Amino acid sequence: MNLTSIKYSYTQLTLLLSFTFLASISSAQTMGPDIVELNNGTSHQGTIIEQHPGKHLKLLQQPSNDTLTFNYKDIAVLRTVPQTETNATSEETQLDEMPLSRFNQNTYSMYFSYSINGGSWYHHGAGAGLLRKFTPKIQAGIGAYVHAGPGVYYYNSTAFTGEFRYALQSSLEGRLSLLFSCSLGYQVYFDSERVEEGVPTYISNGVYFSPSIGYRLNFTDNIGMTIGLGYNYMGGKKRRQSNDEILKNKHISNLSLKASIFF
């Protein structure tokens, strides 16, 4: 090998090493840290080195280089912070959430529900609604419920509601969740005309409020059921049919056993 060939090979090697070094710097500048936020409010930053969705993950914490292991049921938010180079400095950009579980990953879901409502104003209820997932724990949407009673003292009605769901705690890798639910809306009464003590009356529309707490169980990734105990409040006013005079406030309240299927 002559001197010219040696110089040529050395030049190529130098260029290759320089390119590799610059590429590694560029890659390091565009990749941000992983952040694990726990249910207890603490957060940890580093690099995920092992991940088993629905079970656990391992994080190489920075700058201590400690390896931490977290169960998915203890994680509130898992995200990555990508970075871009601007004037020789890095700034935080959009945060990309990573799923904590393989269950309930659809953005939208529908449900059909049935309830038995006890007390003096015993009645049945059936409903349906559409929910949107905003975080791994929070859903909100709209719903409608029809209530019908077996006796003459109950007034058939329909409630149009806003819906809220919050998963308080999850287990079985996210398959089972303790769920708080709340429905708030407007109650419309039908066939409420009565003659009481010789006075023709009817019930005007009012507020509908129904919180409950129970469990959500998944049969598949995005199909399952909920069951819970709650409370129904239906407001209104008893009025005279002839002139709409308010005779008294009319409030119907019940303890409620609720069940639904979702998909």
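Taken together, the values in this text are just the output of simple stated rules run on the coordinates, not laboratory data. Because the structure is a prediction, the values reported are computed rather than measured. Cβ: placed from backbone, ideal geometry, glycine included. Neighbour counts: every protein chain shown.
What to note about this one:
- Of the residues making up segment 151-182, those that are touching a residue at least 24 places away in the same chain (Cβ under 8 Å) and assigned to a helix (DSSP H, G or I) number 2.
- For segment 37-81, the candidate set comprises residues that are over 25 Å from the mean Cα position of the chain (by Cα) and in a loop (DSSP other than H, G, I, E, B); within that set, the residue that is surrounded by the most Cβ atoms within 10 Å (Cβ to Cβ) is Gln62.
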